[in-house]
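Colleague: The structure follows.
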Amino acid sequence: MTTRPLVGNDIVDLAEPGVAGKEHDRRFMDRVFTPAERERILAAPSPTLALWKVWAAKETAFKIASKLREGVVFAHRKFEVVPDTAAEPERAIGEAIGHWASVHFDDLEIRVRWETARDYVHCVGQLVRREHGAAAGDPETPRHTRRVLAGILGDGHAVGGALSRAEQASVHSSASERARLLARRLMARWDLQGAEIVRSWRAWGWSPPVLSQQGRPVAGFDVSLSHDGRFVAAVLAGPSTRA
């Protein structure tokens with residue numbers, strides 16, 4: 001398995017049409033969420049907010065899974081979001097989700113956290129790595145220290161810079177371009193001369209974005225992009241840097 005610090009992220013614009021009251025759409029709820037997830041969503045003080053937190057966690061985990069398994073199908077109910085009672089022991093299983101959770105998909109576990117605001121939900125996730133044979137719930141295997149940076153831009157917030165020809169090849173909208181420019185801003189925290197955020201076309205579609213130099217992935221780094229409605233977001237993981 002790759003030792004890259006695999007990350008994912010997803011942002012939801014809470015003002016987009018169809019967001020408010022989606023928990024009342026029974027067919028949608030049954031198709032996307034497990035019974036336990038539905039119970040937690042509907043028990044939450046704000047079911048709409050809880051719903052989109054769980055949705056964003058599934059999207060985040062899928063982005064990580066797709067970096068490990070080419071052509072993986074996004075079957076929402078197979079990505080199960082479980083509250084992290086170790087991080088938030090006051091929350092019992094079955095209660096509404098808090099700020100941390102784990103997403104389980106096959107033998108993968110992705111640890112996620114949320115940032116919520118009045119008009120958006122942003123989820124950031126990292127793959128949990130353990131020693132061979134360790135079970136879920138066992139401590140994570142110690143790894144080299146990583147730094148994870150996240151950024152969010154709303155409409156009206158300018159982001160400067162320009163994309164390379166290779167980066168422009170997979171840009172499909174102005175939001176897609178802004179997400180890449182935001183990620184490039186995060187890259188400035190490291191000495192990454194000539195690095196690009198690129199995607200490759202495969203038989204099953206576009207590959208996930210990769211941080212690349214001279215046509216090769218940059219060791220020890222990973223990147224994730226997302227956008228929805230008025231917002232774009234980016235996450236970059238890499239080696240810790242000294243202040």
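Colleague: When you look at Q126, is it open to solvent by 60 Å² or more (accessible area, probe 1.4 Å) and at pLDDT 95 or above, yes or no?
Modeller: yes
Colleague: Considering only residues that are under 23 Å from A36 (Cα atoms) and open to solvent by 40 Å² or more (accessible area, probe 1.4 Å), which ones fall in region 46-79?
Modeller: S46, L49, W55, F62, K63, V73, F74, R77, K78, listed by residue number.
Colleague: Would you check if E196 is without any contact (Cβ under 8 Å) to a residue 60 or more places away in the chain, under 20 Å from the mean Cα position of the chain (by Cα), open to solvent by 70 Å² or more (accessible area, probe 1.4 Å) and farther than 20 Å from F62 by Cβ? Lay out the reasoning, then the answer.
Modeller: Values: without any contact (Cβ under 8 Å) to a residue 60 or more places away in the chain: yes; under 20 Å from the mean Cα position of the chain (by Cα): yes; open to solvent by 70 Å² or more (accessible area, probe 1.4 Å): no; farther than 20 Å from F62 by Cβ: yes.
In short, no.
Colleague: Please identify the pairs in which a residue from region 153-173 that is without any contact (Cβ under 8 Å) to a residue 40 or more places away in the chain and surrounded by 13 or more Cβ atoms within 10 Å (Cβ to Cβ) has its Cβ atom under 6 Å from the Cβ atom of a residue that is assigned to a loop (DSSP other than H, G, I, E, B) and among the basic types (K, R), counting only partners at least 6 apart or on another chain.
Modeller: If the second residue must be assigned to a loop (DSSP other than H, G, I, E, B) and among the basic types (K, R), the pairs left are S170/R199.
Colleague: Another question, if that's okay. I need a count of the residues in region 149-178 that are out of contact with any Asp or Glu (no Cβ under 8 Å at 6 or more places or on another chain), assigned to a loop (DSSP other than H, G, I, E, B) and not acidic (D, E).
Modeller: 11
Colleague: Could you please find all residues in region 20-45 being of a type in the set (A, V, I, L, M), part of a loop (DSSP other than H, G, I, E, B) and open to solvent by 30 Å² or more (accessible area, probe 1.4 Å)?
Modeller: Matches in region 20-45: A20 only.
Colleague: Please state which of the following conditions A57 fails to meet, knowing it meets all the rest: (1) modelled with pLDDT of 95 or more; (2) touching a helix residue (DSSP H, G or I) at 6+ places or on another chain (Cβ under 7 Å).
Modeller: Exception for A57: condition (2).
Colleague: Filter region 203-221 down to the residues that are assigned to a loop (DSSP other than H, G, I, E, B) and among the aromatic types (F, W, Y) and list them by number.
Modeller: W204, F221
Colleague: In this structure, is G229 surrounded by 18 or more Cβ atoms within 10 Å (Cβ to Cβ), over 15 Å from the mean Cα position of the chain (by Cα) and touching a residue at least 24 places away in the same chain (Cβ under 8 Å)?
Modeller: yes
Colleague: Looking only at region 204-215, which residues are within 25 Å of A61 (Cβ to Cβ), open to solvent by 30 Å² or more (accessible area, probe 1.4 Å) and touching an Asp or Glu at 6+ places or on another chain (Cβ under 9 Å)?
Modeller: W204, V210
Colleague: Could you list, in sequence order, all residues of region 5-19 that are within 20 Å of T116 (Cα to Cα) and either in a loop (DSSP other than H, G, I, E, B) or open to solvent by 40 Å² or more (accessible area, probe 1.4 Å) (or both)?
Modeller: Across region 5-19, the qualifying residues are L14, A15, E16, P17, G18, V19.
Colleague: Scanning region 179-193 for residues that are among the hydrophobic types (A, V, I, L, M, F, W, C) and part of a helix (DSSP H, G or I), which turns out surrounded by the most Cβ atoms within 10 Å (Cβ to Cβ)?
Modeller: Checked region 179-193; the qualifying residue surrounded by the most Cβ atoms within 10 Å (Cβ to Cβ) is A179.
The values are calculated or read from the model by the stated rules, or taken from the named source; none is laboratory data. Quick caveat: nothing in here was measured; it's all calculated off a predicted structure. All Cβ positions, even for glycine, are placed from backbone atoms using ideal geometry, and neighbour counts span all protein chains on display. Heavy atoms of the whole protein, side chains included, go into the accessibility calculation; ligands, DNA and RNA do not. Shrake-Rupley method; radii C 1.70, N 1.55, O 1.52, S 1.80 Å.
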